[in-house]
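The values are calculated or read from the model by the stated rules, or taken from the named source; none is laboratory data. All figures in this text were calculated on a predicted structure; none of them were measured in a lab. Ideal geometry is used to build each Cβ from the backbone, glycine not excepted, and the neighbour counts take in all protein chains shown.
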Amino acid sequence: MAKLIALEVRNAKATDKPYKIPDGHGLYLYVASSGKKTWRYRFRVNHKESTFTLGSYPQMSLEQARGARAKAREQVKNGVNPVQERRKKMQQLREIEEAEKNFGKTTFEYVANEWIELQGGNWSKKHADVVYATLNHDAFPLIGDLQIDEITPPVL
């Protein structure tokens with residue numbers, strides 16, 4: 001099988017139906033009927049065939065696509081599905097973005113309750129109850145509704 005050259009990729013035109021131009025080792029250029037070109041990698045993990053979209057042409061060159069394919073092939077050799085791995089990373093990024101967006105928007109009472117819950121395994125039930133009662137009586141009425149980033153030494 002002949003490998004693709006950059007000129008073939010650049011000159012690939014849209015047709016009535018989408019088509020694939022193979023490069024080898026599962027990598028191919030997918031040309032949609034709209035003219036959009038994407039690099040895809042076809043692989044098999046646990047006897048299931050899947051396709052992994054590596055990126056769009058021209059944002060990702062032929063050489064970059066081959067490098068991305070090499071990384072994905074390494075994952076497949078290790079029994080890791082690159083599609084699922086990408087989904088995990090995207091979910092982690094969304095969680096980080098959400099945490100950053102909500103940073104400083106959490107009330108003192110919420111954080112204090114989370115802290116007590118986390119310490120529960122280290123504390124006796126009696127001690128946890130005393131800490132909660134103290135916070136509930138002394139702190140929550142005054143600063144419980146304040147956002148964490150609003151609590152400064154002068155406020156305390």
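Summary of computed values
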item: Every pair of residues 6+ apart whose Cβ atoms lie under 7 Å, when the first sits in the stretch 57-71 and is assigned by TED's automatic domain parsing to the domain that holds SER34 while the second is surrounded by 13 or more Cβ atoms within 10 Å (Cβ to Cβ) and of a type in the set (D, E, K, R); result: TYR57/LYS37
item: Check on VAL130, of a type in the set (A, V, I, L, M), over 30 Å from ARG44 (Cβ atoms), modelled with pLDDT of 85 or more and out of contact with any helix residue (DSSP H, G or I) (no Cβ under 7 Å at 6 or more places or on another chain); result: yes
item: Residue within the stretch 105-114 that is under 21 Å from ARG40 (Cβ atoms) and polar (S, T, N, Q) present; result: no
item: Residues satisfying the stated conditions in the stretch 12-32, i.e. part of a loop (DSSP other than H, G, I, E, B) and in contact with a strand residue (DSSP E or B) (Cβ under 9 Å, 6 or more places away or on another chain); result: ALA12, LYS13, ALA14, THR15, PRO18, HIS25, GLY26, ALA32
item: Meets criteria (surrounded by 14 or more Cβ atoms within 10 Å (Cβ to Cβ) and in contact with a Phe, Trp or Tyr (Cβ under 6 Å, 6 or more places away or on another chain)) for PHE52; result: yes
item: Residue, nearest to ALA12 (Cα to Cα), within the stretch 60-90, restricted to residues that are over 15 Å from the mean Cα position of the chain (by Cα) and exposed (fewer than 11 other Cβ atoms within 10 Å of the Cβ); result: GLU63
item: Within the stretch 110-156, tally of residues that are of a type in the set (Gly, Ala, Ser) and touching a residue at least 40 places away in the same chain (Cβ under 8 Å); result: 0
item: Search result, residues across the stretch 100-115 that are at pLDDT 85 or above and farther than 10 Å from GLN147 by Cα; result: ALA112, ASN113, GLU114, TRP115
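The rows are residues; the columns are (1) over 27 Å from the mean Cα position of the chain (by Cα); (2) of a type in the set (Ser, Thr, Tyr).
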position	(1), (2)
GLU8	yes, no
ALA12	yes, no
HIS25	no, no
TYR28	no, yes
ARG42	no, no
LEU54	no, no
PRO58	no, no
